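Notes to accompany the following structure.
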Amino acid sequence: MVASPSLHTAPAAPAQPSVSMLDLDQFNAQPLQRDPFDYLILPGFIRQGVLAAISRDFPKITQPGSFPSDSLQLSGAFRQFLDELEGEPFRHAVEQKFDLDLTGRPTIITVRGYTDETDGRIHTDSRTKIITMLIYFNEAWQESGGRLRLLRSGTDLEDYVAEVDPAIGTLLAFRRSDNSWHGHKPFVGPRRAIQLNWVVDEKVKRREQTRHSISAFFKNLFGGKR
């Protein structure tokens, strides 16, 4: 009797790691500024090879207001980008950068496509926010308005330590505090940005999402479509 040849299943090829859209090496290397509060500004946070695809898939928003990401129709590279922002590798990088523990802290992502005359007023963000991040998606910015300034006080927009060009791929991240004052000169027109926040709990997340949705609704209702 002739023995049947042994059948061996070839080992599966190891999965190829996907290339991150985020340049975490640059993020990790960028020093944290501590005066007057903890922040960092990083042009080139998004890898060049994916910028065009994310920008192409950015939701078309022609009304003022911040829209919760889960209220928008997201697809393609833009959706993948948001998934990475809320992923564990980036959360760990943020924890190390700001020396804090974000385990169990919910995230909120809002998307903005248009700025009106009511935006940019000086504020610190609410105490329920832990970390605020803004990522911009505008081509070369020539306007004097719409450039976010990090301020030394809540009374003087000209007393600033840094001014952020809202150019495509630029990240601003800061730790919310009672003196994390920021604002910008008025600008009316298209100004695309994503805001990512880690907040204290799910109750805050639900409340903030509802607030943004209501605010955007009434801005659309009374402001009209641009």
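Restricting A93, A140 to residues that are in contact with a Phe, Trp or Tyr (Cβ under 6 Å, 6 or more places away or on another chain), surrounded by fewer than 19 Cβ atoms within 10 Å (Cβ to Cβ) and either at pLDDT below 95 or more than 16 Å from V199 (Cα to Cα) (or both) narrows the list to A93. Under the condition of being open to solvent by 30 Å² or more (accessible area, probe 1.4 Å) and either modelled with pLDDT under 95 or in a loop (DSSP other than H, G, I, E, B) (or both), the residues counted in the stretch 165-176 number 3. Please tell me if R191 is without any contact (Cβ under 8 Å) to a residue 40 or more places away in the chain, assigned to a strand (DSSP E or B) and open to solvent by less than 40 Å² (accessible area, probe 1.4 Å). Judged against the criteria, R191 is not a match. Out of curiosity, is T128 in contact (Cβ under 8 Å) with a residue 12 or more places away in the chain, among the polar types (S, T, N, Q) and within 22 Å of R192 (Cβ to Cβ)? It is false that T128 is in contact (Cβ under 8 Å) with a residue 12 or more places away in the chain, among the polar types (S, T, N, Q) and within 22 Å of R192 (Cβ to Cβ). Candidates in the stretch 96-135 are the residues that are of a type in the set (G, A, S) and modelled with pLDDT of 95 or more; of these, the one that is most open to solvent (accessible area, probe 1.4 Å) is G120. Scanning the stretch 174-201 for residues that are of a type in the set (S, T, N, Q) and more than 16 Å from F67 (Cα to Cα) turns up S177, N179, S180. Being modelled with pLDDT of 95 or more, in a loop (DSSP other than H, G, I, E, B) and not hydroxyl-bearing (S, T, Y) is the filter here; which residues of the stretch 143-164 pass it? Those that are modelled with pLDDT of 95 or more, in a loop (DSSP other than H, G, I, E, B) and not hydroxyl-bearing (S, T, Y): G145, G146, R147, R152, G154, D156, L157, E158, D159. The residues of the stretch 50-84 that are of a type in the set (G, A, S) and in contact (Cβ under 8 Å) with a residue 24 or more places away in the chain, listed by number, are A53, S55, G65, S66, S69, S71, A77.
Based on what the data block shows, is R207 open to solvent by 30 Å² or more (accessible area, probe 1.4 Å), more than 27 Å from S55 (Cβ to Cβ) and in contact with a helix residue (DSSP H, G or I) (Cβ under 9 Å, 6 or more places away or on another chain)? Against the criterion (open to solvent by 30 Å² or more (accessible area, probe 1.4 Å), more than 27 Å from S55 (Cβ to Cβ) and in contact with a helix residue (DSSP H, G or I) (Cβ under 9 Å, 6 or more places away or on another chain)), R207 does not qualify.
In the stretch 97-108, the count of residues that are in contact with a His (Cβ under 6 Å, 6 or more places away or on another chain) and of a type outside the set (K, R) is zero. Could you please find all residues in the stretch 39-66 being open to solvent by 30 Å² or more (accessible area, probe 1.4 Å) and of a type in the set (F, W, Y)? Scanning the stretch 39-66 gives no hits.
The values are calculated or read from the model by the stated rules, or taken from the named source; none is laboratory data. Note that the coordinates shown come from a computational prediction; the quantities given were computed from them, not determined experimentally. A quick note on method: Cβ atoms are made from the backbone with ideal geometry, for glycine too, and the neighbour counts reach across all protein chains shown. Side chains included, ligands, DNA and RNA excluded: accessible areas come from the protein's heavy atoms. Shrake-Rupley method; radii C 1.70, N 1.55, O 1.52, S 1.80 Å.
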